[in-house]
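Have a look at the structure below before the remarks.
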Amino acid sequence: MTATDSPVTPADGAPARRAFGIDIGGSGVKGGIVDLNTGRLIGDRYKLPTPQPATPDAVTETVAAVVREFGWTGRLGVTYPGVVTGGVVRTAANVDDSWIGTDVRTVIERRLDGQPVTVLNDADAAGLAEERYGAGRDQDGVVVLLTFGTGIGSAVIHNGVLLPNTEFGHVEVDGMEAEHRAASSVKERNDWSYKRWTVEVTKVLIAVENAIWPDLFIVGGGISRKAEKWVPLLKNRTPVVPAELRNSAGIVGAAMAAEFDVTATAPASRS
Ligand code: BGC
């Protein structure tokens, strides 16, 4: 199935188009079946704790257990919290270094007896989902999603097409890596008020907007649930809206990546 033969937003009432996504995070490995017509989960998501240490083998076992829970036998998408090119992990900012160089796509496919697997960055997955079904759904142009958590993840999407592996969390802003300056973990660690923290977030947003001039920022991560407390305090120029899909965005984006050509090789259909 490709984007060009697959309208993803048909009229209400169309039969569900099912796909499967798994989101690997620091504390949990979550999976679910996604209706690609609506971007909603079909049934509940299933979550297992991320094994510790979170080695590639241990996490692959957990991914397999999540897949088994649903009895899913087709292709699937999986997120990873770092850079992934051609199915191979390139960075491990907030996970075990032993991930670097792992051909995670092949490792998971083998473990699943050949079920085709697409692996992509966690923020890229969330960005795809938000842009298509969530806070960016009526937005043309360049949408940048930033997730604020332990680190800062980023996604850049232009009219439905993802530019993968942007890593704005690691760009230097005012002499410090953006995620060391403004991740929500920094707020917690320093016991900052929202007002104090948004001074740092504003600096990061301005650095990004000066570099690529997005039309919209979507802010995600757990702290976006309290968006009304801090988004109005931001002083950058581009409009900022909170993410809407909450903790299903990674699963939904992973499922999209498994089923559609979502990166720059083929424009995704928005019909
Ligand atoms: C990683 C990104 C990831 C983000 C959120 C950053 O430290 O470099 O790839 O998207 O954390 O997990």
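The values are calculated or read from the model by the stated rules, or taken from the named source; none is laboratory data. Remember, it's a predicted structure, so these values are computed and weren't measured experimentally. Cβ placement follows ideal geometry from the backbone for every residue including glycine, while neighbour counts extend to all protein chains displayed.
Considering each residue of the range 175-206, count those that are closer than 21 Å to residue 231 by Cβ and either away from the ligand (no atom under 16 Å from the Cβ) or free of Cβ contacts under 8 Å to residues at least 24 places away in the same chain (or both), and give that number. Counting residues in the range 175-206 that are closer than 21 Å to residue 231 by Cβ and either away from the ligand (no atom under 16 Å from the Cβ) or free of Cβ contacts under 8 Å to residues at least 24 places away in the same chain (or both) gives 18. Whenever a residue of the range 145-169 is on the phi > 0 side of the Ramachandran plot, its partners that are of a type in the set (S, T, N, Q) and in a strand (DSSP E or B), lying with C-beta atoms within less than 6 angstrom and at least six residues away or across chains, give the pairs 165/121. Given the criteria under 16 Å from residue 81 (Cα atoms) and exposed (fewer than 14 other Cβ atoms within 10 Å of the Cβ), does residue 175 qualify? No. For the range 231-271, the candidate set comprises residues that are assigned to a loop (DSSP other than H, G, I, E, B), under 19 Å from the mean Cα position of the chain (by Cα) and at pLDDT 95 or above; within that set, the residue that is surrounded by the fewest Cβ atoms within 10 Å (Cβ to Cβ) is 244.
Scanning the range 12-27 for residues that are surrounded by fewer than 16 Cβ atoms within 10 Å (Cβ to Cβ) and either of a type in the set (Asp, Glu) or part of a strand (DSSP E or B) (or both), which turns out nearest to the ligand (Cβ to nearest atom)? Looking at the filtered set, the residue picked out is 18. From the set of residues in the range 91-131 that are assigned to a loop (DSSP other than H, G, I, E, B), of a type outside the set (A, V, I, L, M, F, W, C) and touching a residue at least 12 places away in the same chain (Cβ under 8 Å), which is surrounded by the most Cβ atoms within 10 Å (Cβ to Cβ)? Among those residues, the one meeting the criterion is 102. When the range 149-198 is filtered for residues that are aliphatic (A, V, I, L, M), touching a Gly at 6+ places or on another chain (Cβ under 7 Å) and in a loop (DSSP other than H, G, I, E, B), only 183 remains. All of 136, 151 fail the test of being more than 9 Å from the ligand (Cβ to nearest atom), more than 19 Å from residue 85 (Cα to Cα) and crowded, with 22+ Cβ neighbours inside 10 Å, apart from 136.
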